[in-house]
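Below you'll find the structure, written out as structure tokens, and then a few comments.
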Amino acid sequence: MNSRKLFSETWRMFPAAKVHCQQPARVLVVDVTSPSWANTCSVLSEALENTLCLACSLTSPCRVPLLSLYVVQSQQECLLPFTQVKENFARIQACTAELRSLPREGSFPQGANGVVQAVQDGLQQFKQYSRHTAAGSSTSSSVEITILTSQSSKEMVKHLEEKLKDVDLVSLRRIQVIEVLKRDFLEPEDVEHCIPAEELSSSDLTILGMDIDLQTVEDNVISLEMLFKTWLYDYGTEREHLHLLLPSGGFSHGTAQKTTPMCLKCDLQERLVDPALLSGTADGTMRAADLSSPCQMAAWPAAVLCKLRVVKALKSEGVCESVLYGLPFIIRPTSCWQLEWDELEINQQSFQALCQSLLKRKWMLLAKREPQSAGPSWNIAVHSYYVIIPSDSATLLVKAVATRELLLPSTFPALLAEHPEGVCGPIESALNSLEVEVAYNPLHLKSNLYKYLKSVLYKPLHRQQVQPREQRTERHQPKQHPSRAKATVAPLPMVPSPVQVLRAAAARRDSCEHSQLPGDYEEFLQ
């Protein structure tokens, strides 16, 4: 409970006019000091590359606007200073290739100091980047730090608490401490386990002033990929996304309140990435821009408040799957920080009571989308309808349902009671040869989408080849490659402006006839 309040208070420090980008910048800190790094290295690099190729290919607003990557060895090292993810996949690929080339099998002594230094340096780097790009920029107003380690996550939190007491954390939205373990060390209940914030001491929450998310994940591509894919969610909490309007008569016996509907304030969460928004797979330009379509449940991010008025209850067995269409969305209680805590709690309890009642009755709800605003009488509003489906979790599923205007005629012959043995025999034999699964698991199917997107995004870095680590100068030397700045605890130098970069490059070119800029202007300036 307390973590939510402090999280809300942290967000109140950011004026609405200043928040240009809802998505936080990302700092990924990878601790490679443990002996299990050899098991984690390749799967981590693949999972990170897969997620970022998806983020780079989406035609909707950028979901991972900025990324910085640190590795912790004997000291912290910045492999990727803050970089805009879109249009920079080649640079990200070079970074993941370098991550794969790091020494393995516990080549460095363990310790939490390097992780804390990387966190401090990431915060300092974000402040300087934000200050440099503040004027007329749509950069993120907050940063979220994810720490991947094989050390004890609880011990890591204690060390963070001790070292971050005097650090300015206003721009820090959340710290994730992810303990990556081999499957042999995981009990079934530990998978994707998140320790409740209440188990942390009150001093942790008071000092840090934000959520600390502790998780344990397996060291395989799927688990790490799902962890990184949480970055693709809409992180805007300035307002709720959906009002679910229920008739008041079923909840109140007062005659004066009969006309006032009960309103559950909810957020919408995507269940799937819309294939139409992936550049190269389909032309999703119109779909991404068409926010006024009557059948569009939610754009990303949620641009307008959607209102669904429940008009009927439906028996679950009476809904034919053929009349449902479009992408599904998850409905959950809102986490909007502008609501009072008591209102959030009552809203959440009412939402869960609705889920339980629908499951008990085996009902679905039929809801009509309310028009956004009352227009003139000649402006005819087209209504869209949705089916709301309960589940065993504290969420609801919503899908668009066909109306009379959209429905095509369907006259289908009934099945015959009996079929000739000569026909049934081969069919039964074919079906008996199939492998049977109890439930459909989408994780068992691959479509080669990642490979295709990477081939579309592939743009080699001109005149800037990734060299083996033994052939490069050490990062702690004063002279270093301009696109690979070494991260230290000391404050980073101010990020140079494009004009300063070009002037410095011209000066070097004049002083040495055969010298070249280290990389394209475009890549270097990014």
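For Arg404, the conditions (1) within 19 Å of Lys312 (Cα to Cα); (2) open to solvent by less than 60 Å² (accessible area, probe 1.4 Å); (3) of a type outside the set (Phe, Trp, Tyr) all hold with the exception of (2). Taken residue by residue, region 55-77 has no member that is closer than 25 Å to Asp234 by Cα, open to solvent by 10 Å² or more (accessible area, probe 1.4 Å) and over 16 Å from the mean Cα position of the chain (by Cα). For region 258-275, taking the residues that are over 22 Å from the mean Cα position of the chain (by Cα) and at pLDDT below 90, the one that is most open to solvent (accessible area, probe 1.4 Å) is identified as Thr259. Filtered by the rule that a residue be assigned to a strand (DSSP E or B) and open to solvent by 70 Å² or more (accessible area, probe 1.4 Å), region 312-329 gives Lys312, Lys315, Tyr325.
From the list Leu358, Leu344, Leu354, the one residue that fits, being under 30 Å from Pro61 (Cα atoms), in a helix (DSSP H, G or I) and open to solvent by less than 50 Å² (accessible area, probe 1.4 Å), is Leu344. Considered as a group, the residues in region 22-54 that are part of a loop (DSSP other than H, G, I, E, B) and open to solvent by 10 Å² or more (accessible area, probe 1.4 Å) include one that is farthest from Ile147 (Cα to Cα), and that residue is Gln22.
Going through region 382-441 one residue at a time, which ones are charged (D, E, K, R) and assigned to a loop (DSSP other than H, G, I, E, B)? Within region 382-441, Asp392, Arg404, Glu405, Glu418, Glu435, Glu437 qualify.
The values are calculated or read from the model by the stated rules, or taken from the named source; none is laboratory data. All values reported here derive from a predicted model rather than from experimental measurement. The protein model used for the area step is the full one, side chains on, heavy atoms only, and it has no ligands, DNA or RNA in it. Shrake-Rupley method; radii C 1.70, N 1.55, O 1.52, S 1.80 Å.
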